[in-house]
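The values are calculated or read from the model by the stated rules, or taken from the named source; none is laboratory data. Given the structure is predicted, the values throughout are model-derived calculations rather than measurements. Cβ atoms come from the backbone with ideal geometry, glycine included; neighbour counts cover every protein chain shown.
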Amino acid sequence: MGGTAYYAGKKGQEAAECEAYQDARLDELEPQGQPASASVAAAPDTDALDKLAKLHEEGALTDEEFTAGKKEILGL
C-alpha cells in the first residue's frame, strides 16, 4: 500500500514539474509586446492533444486516427 502512495505521489510531482516547465517555455516563446491573450488564442488545445495522446497510448486509437485527430486539433 505504501508503494502505491509513493508511486502516485511521484507521478503527481512529475506532472507538476512538467507543467511548470511547459509554462516557463511558453513564457519564453511568447512574443515581446504582444498581449498574452492573443498568443493563447493562437495556441493549440494542449488538453485535447494530451487526451488524444493518452487514448493512442492506451490503444483506443489507431495511428491513423491519432494523426487525423492531431491534425484537426492543430488546424493542419
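Which number in (1) exposed (fewer than 10 other Cβ atoms within 10 Å of the Cβ); (2) part of a helix (DSSP H, G or I); (3) modelled with pLDDT of 90 or more marks the one condition that A41 misses?
Going through (1) exposed (fewer than 10 other Cβ atoms within 10 Å of the Cβ); (2) part of a helix (DSSP H, G or I); (3) modelled with pLDDT of 90 or more one by one, A41 breaks only (3).
Would you tally the residues in region 4-24 being modelled with pLDDT of 70 or more and among the aromatic types (F, W, Y)?
Qualifying residue count, region 4-24: 1.
Condition test on D27, is it over 14 Å from the mean Cα position of the chain (by Cα) and at pLDDT 65 or above?
yes
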